[in-house]
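What follows is a single structure, written as structure tokens, with notes after it.
The values are calculated or read from the model by the stated rules, or taken from the named source; none is laboratory data. Predicted model, so just to flag it, every value in this text is computed and none were measured. Counting neighbours? That spans all protein chains shown, and the Cβs are built from the backbone with ideal geometry, glycine included. Heavy atoms of the whole protein, side chains included, go into the accessibility calculation; ligands, DNA and RNA do not. Shrake-Rupley method; radii C 1.70, N 1.55, O 1.52, S 1.80 Å.
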Amino acid sequence: MPVIGLGTAAIPLPPHETLTSILIDAFEVGYKHFETASLYGTEEPLGKAVAKALELGLIKSRDEVFITSKLWTSDAHPDLLVPALKTSVQKLGLENMGSYGRVLQIGLSKVYVSNFGIKKLTQLLENTIIPPAVNQVEINPSWQQRKLREFCKQKGIHVSAWSPLGAYKTSYGTNAVLESPIIKEIACARQKSTAQIALRWIYEQGATANVKSFNKERMKQNLDIFDWELSEEESQKFSYIPQRRVHSGVNFVSENGPYRTLEELWDGDP
Ligand code: A2P
């Protein structure tokens, strides 16, 4: 799985055609890993962008591209699961490229979960014969998830980050990452952007990052984190960054849903 994935969640979403052309920009600057979800509404434009990238010769084969999509919670029922996966695969256009059967196979033999805390992972590990390969959760310098990451490491579960930049300048985001005085100081000394410092830190933690940008220059900048490293002293400074979730999750709890409280949603780690 390429270390930097392009996140495609956005509110509001650009029209599909515009989004497809933005995603072609991403192929042009070198992205090979894309993160979508049935909920985001970006599977279809992403599928079109993959087809166009093939047509333009930006990629030689579909196999070069790693795509993560997500089943939404309301489809996590035995009778809804396979139809929902099929819809996602169809929207991504994978059927047309002859990869449908195989992809499904991979999707069903590797388990990729998202937003699982230690309690949910423990329950899952106790009740499955296929342990999850990846857990995608919020990780950024202002929500570092050290305990969960340590747990995942012990269990051999790879951790992938959503909102690695704290969803900067979005309706639900924070400036606590890109405007952190600690990160700014490091960025200034290293002549890098604060985004690059945050992404490099995530990479050095052994996690992958799904970073959203629909701007070609920033997309490029976010990939440019591999030929330098943070010093030990710089890394240590991250432990002084105040910790707080970007997404409280309040929209995802309901009296009638699977998670009635934030405590339940986040496994007691609010
Ligand atoms: P844009 O799409 O205009 O680049 P996250 O990945 O944590 O959810 O953050 C996404 C937000 O951060 C988006 O608003 C995105 O805006 C912005 N962003 C992405 N890359 C950068 C960057 N290198 N510098 C500044 N802002 C960035």
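Miscellaneous remarks
- Remark: residue 140 matches the filter, which requires a residue to be crowded, with 17+ Cβ neighbours inside 10 Å, within 15 Å of the ligand (Cβ to nearest atom) and of a type in the set (S, T, N, Q).
- Every residue from the stretch 1-25 that is in a loop (DSSP other than H, G, I, E, B), open to solvent by 20 Å² or more (accessible area, probe 1.4 Å) and not small (Gly, Ala, Ser): 1, 2, 3, 11, 12, 13, 14, 15
- Applying the condition of being within 14 Å of the ligand (Cβ to nearest atom) and of a type in the set (Val, Ile, Thr) to the stretch 217-259 and asking which residue is surrounded by the most Cβ atoms within 10 Å (Cβ to Cβ) yields 225.
- Hey, residue 184 within 16 Å of the ligand (Cβ to nearest atom), assigned to a loop (DSSP other than H, G, I, E, B), assigned by TED's automatic domain parsing to the domain that holds residue 145 and over 19 Å from the mean Cα position of the chain (by Cα) or not: no
- Selection from the stretch 143-171 of residues that are of a type outside the set (Val, Ile, Thr), open to solvent by 10 Å² or more (accessible area, probe 1.4 Å) and near the ligand (Cβ under 9 Å from one of its atoms): 162, 163, 165, 167, 168, 169
- Contact map, the stretch 169-184: first residue over 12 Å from residue 197 (Cβ atoms) and among the small types (Gly, Ala, Ser), second residue at pLDDT 95 or above and more than 10 Å from the ligand (Cβ to nearest atom), Cβ cut-off under 9 Å, separation 6 or more or different chains; pairs are 176/141; 176/142; 176/143; 176/241; 176/242; 176/244.
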